[in-house]
Amino acid sequence: MLTTNYIELEEEYGAHNYDPLDVVLERGEGVWVYDTEGKRYLDCLSAYSALNQGHCHPKILNATVEQAWKLTLTSRAFRNTQLPQLYEDLHRLTGFDMALPMNSGTEAVETAIKAARKWGAVVKGIPENHAEIIVCSNNFHGRTIAVVSFSSEEQYRQDFGPFMPGFKTIPFGDSAALRAAITTNTCAFLVEPIQGEAGILIPPAGFLAECAAICRENNVLLMCDEIQSGLGRTGKMFAFEHEGIRPDVVTIGKALSGGFYPVSAVLASRDVLGLFQPGDHGSTFGGNPLACAIARAALSVIVEERLAERSAELGPFFLAEIEKIKSPMIRGVRGRGLWIALELNEPARPYCVALMKEGILCKETHGNIIRLAPPLTITHDEILWAVERIRRVVGTADIR
């Protein structure tokens, strides 16, 4: 079929809850993807950081095929050979006592919320139905009713009420506001170390460290959502490591599968996850043997190919090259590792379309921000190739 045929089918029969660029992709390898007409594009979105290892990484592909021939799903009614090994891999990599596997990132956040509330009731002694969780404005933790209940983005909430109580919102980056918001009923503070969907917003230096201290002083769990920022994206295995802290709970996903399968997990101490009893929580597909085999291979690629270290090395280089672009269209540039925001003085969508025509795929966020997040396997020369085309587009006075 022609590209237009695919687009027409999607528009006719699919719900219009996304606004994709009009490119139809059919294969990918490493940092490159190819459309139905054979044109090559540099992927600078990485499926919102799910593809840190690049498209169709051969090691993860082999693990997928090998396990798919053996056993794909048992449900958690029975044990399988892959899940215990994933638990061990996660423990060795992160140091956390326990993990609880799920599928999507949103499910991991929901699980963390349930764990925090249970900890608040059982350990902290918060009266039933009175637990509070503090979150930050401009957050993005998913799309479920529970999560959009504490979103500050009006479109995420419009027409979806009534909403779930039990959440307080403070400004992102304001540790004094966290201290002021805590009450005896506060069980947790849920925060993205760097806000991705908000436009790669980096908090003031010391914010996370101050929050960690405040949480310790008040017997409150610090929960870091590392679904986008974790697993190498920012130049560390986890973004919270930039401030040398240790959260009580961490949610991971996206790159946990290298783009092959939905896999997520909650990591925490035994004092938190050890509170779950059989029947308290579950997922038919969470922890299935195919997912676990894929996750184990995806983690090994991150470690063996030193992808966090590559991000730490190439990210500042990419950022510095972007900062050299002089254009009245650019309001500002910021980033951490291979996670860069190009903030414009006008809507970003036309520039994303223009970049697509130049062979670069990226996507706007919050109207005027272009997010650049290539696979961590990108090379020095590929970055220079991308920068030249970004300069060509963003340096143009009027691309519409």
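Throughout, read-outs are computed from the coordinates displayed, never taken from laboratory work. Predicted, not measured: the structure shown is a model, and the values here were computed from it. Cβ coordinates were reconstructed from backbone atoms using ideal geometry, including for glycine residues, and neighbour counts include every protein chain displayed.
Distance between the 7 Å Cα→Cβ label points at Glu321 and Asn5: 3.8 nm. Each listed q (0.07, 0.09, 0.10, 0.17 Å⁻¹) maps to a log10 I(q)/I(0) for region 71-304, found by the Debye formula over equal Cα scatterers with no solvent: -0.21, -0.35, -0.43, -1.30.
Which residue, chosen from Asn138, Thr74, Ile227, occupies the Cα position most advanced towards the positive end of the dipole of region 71-304, where the dipole is computed from +1 (Lys, Arg) and -1 (Asp, Glu) charges on Cβ about the Cα centre? Positive-end residue among those listed: Thr74. The length gained on full extension between Glu388 and Glu26, counted as 0.36 nm times the residue separation minus their Cα-Cα distance, comes to 127.7 nm. Pairs to check: Lys236/Lys324; Lys114/Lys168; Lys59/Lys324. Give those whose C-alpha atoms are more than 27 Å from each other in this structure. Over 27 Å Cα-Cα: Lys59/Lys324. Model label points for Thr379 and Thr183, set 7 angstrom from Cα along the Cα-to-Cβ axis, are 5.9 nm apart.
Are there GluC sites (Glu not before Pro) in region 1-61 that DSSP puts in a loop and that have at most 12 other Cβ atoms within 10 Å, and which ones?
Numbers: sites: Glu8, Glu10, Glu11, Glu12, Glu26, Glu29, Glu37; in loops: Glu37.
Sparse-neighbourhood loop GluC sites (Glu not before Pro): Glu37.
Under the combined filter of DSSP loop state and at most 15 neighbouring Cβ atoms within 10 Å, region 96-148 retains none of its chymotrypsin sites (Phe, Trp or Tyr not before Pro).
Can you give the charge dipole size of the chain about its Cα centre, rounded to the nearest 20 debye, using +1 on the beta carbon of Lys and Arg and -1 on the beta carbon of Asp and Glu? Numbers along the way, then the final one.
Numbers: 38 positive and 48 negative charges, 136 e Å.
Dipole of the chain, to the nearest 20 debye: 660 debye.
Run the helix sum for the chain: -39,500 (n - 2.57) per DSSP H stretch of 4+ residues, divided by residue count, reported at 222 nm to the nearest 500 deg cm²/dmol. Here the helix-only value at 222 nm equals -10500 deg cm²/dmol.
What order do you get for 42-54, 234-246, 276-288 when each peptide is scored by the mean count of other beta carbon atoms within 10 Å, highest first?
On the way: 42-54: 24.4, 234-246: 20.1, 276-288: 15.5.
So the order, starting with the most tightly packed, is 42-54, 234-246, 276-288.
Karplus-derived 3J(HN,Hα) values for region 4-18, using 6.51 cos²θ - 1.76 cosθ + 1.60 with θ = phi - 60°, are 4, 5, 4, 5, 4, 4, 5, 5, 6, 10, x, 4, 8, 8, 10 Hz; glycine and proline are entered as x. Please check: in the Gaussian network model of the chain (C-alpha springs, under 10 Å), which one of Tyr13, Tyr34, Tyr156 has the largest mean-square fluctuation. Of the options given, Tyr13 has the highest mean-square fluctuation.
Give me the compactness ratio for the chain, meaning the Cα radius of gyration over 2.2 N^0.38 Å. It would help to have the intermediate numbers written out before the result.
On the way: Rg = 21.2 Å, N = 400, 2.2 N^0.38 = 21.4 Å.
Here the answer is 0.99, to two decimals.
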